[in-house]
Each structure stands twice: as structure tokens, then as C-alpha cells.
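Worksheet for the structure shown next.
Every number here is computed from the coordinates shown, using simple stated rules; none is lab data. These numbers were taken from a predicted model, which means no experiment stands behind them. When we count neighbours, we look across all protein chains shown, and the Cβ atoms used for this are built from the backbone with ideal geometry, even at glycine.
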């Protein structure tokens, strides 16, 4: 039987329990029609790129399916009838991915990045850092016109600390 990856989006105001019930219902339909669900992943509530039926967020769920096309047609028909399902997408694949999907790996990577504690806006390490952008465009124009650059016109982003003697 062919292999598929199937992702569906559920309304944001549906509870986690309702999403699990829908997942179990769709999984049962596939198994009734002779297929099997190799893996199920709940990606949680994520923001959408644009509004879908007045929803800005949705619960994302992934199925790795090994089933006939008829079983997939039935599941998609059930999802079109359900008011809780906003969208779905099915993609045929040559083989299922082992281990967690890319979305789950992304969540782990983001957690690691937060634990390390560096970033552009790390306030504990000196505030918002600005990179040196070189000389200003107006200074280059003045130099081209034969005029010297303005002295003291542009201030340093962080004034030098006064040394006490």
C-alpha cells in the first residue's frame, strides 16, 4: 500500500481532549478500511500565516499513514464535513521519516537555544548590541564634494565610561 503524510488543522478554541478525540476517530476510520497509522504527532497550537474561518491559530496534527487511496478519500471526506477541521494536506511519500518530524526537532532546537542564553537581545550581557556599520553615507558624500566630514556630529552609541583617578 502507498505511504502518506497527512496533516490537519483544528480550530484554536477546540480543547486538547477534543483534538485527541478527532485524532482517534480519524485513526479508527483508516484502520477500518485496512490501513494503519504508523505515527501520530501533536504539534500543538501554532499561529497561522493568515486567518482561516476567523481563526488566527490552530492545533496541528500529523499522521504517517500506510493505507489505500480509498481510505484516504474517506478520511478527507470526513474532515470536510467536520466543522472543527480547518484544513488538511496529504502528501504521498516514498518512505516514512524515522524519529521525530522536522516540526518536533525544531521545538527541541528552540529549547536548546533558549537554554544557552545568547542572542541579539541578551539584556544580561550589555543590553541591545549594535554592530559597527562603518562610516556614514553623508560623510562619504561630503568627502566626494571636497568637504571634510563633520566633527562630533554623530555620537557614539554608548559613550565611553569616564575613568576615575
(request) Report whether or not residue 18 is surrounded by fewer than 16 Cβ atoms within 10 Å (Cβ to Cβ) and in contact with a helix residue (DSSP H, G or I) (Cβ under 7 Å, 6 or more places away or on another chain). (result) no
(request) Give me a count of the residues in the stretch 1-39 that are assigned to a strand (DSSP E or B) and without any contact (Cβ under 8 Å) to a residue 24 or more places away in the chain. (result) 0
(message) Given the condition buried (at least 17 other Cβ atoms within 10 Å of the Cβ), in contact (Cβ under 8 Å) with a residue 60 or more places away in the chain and closer than 13 Å to residue 86 by Cβ, answer yes or no: does some residue in the stretch 51-61 qualify?
(response) no
(request) For the stretch 82-100, name all the residues that are part of a loop (DSSP other than H, G, I, E, B) and touching a strand residue (DSSP E or B) at 6+ places or on another chain (Cβ under 6 Å). (result) 84, 96
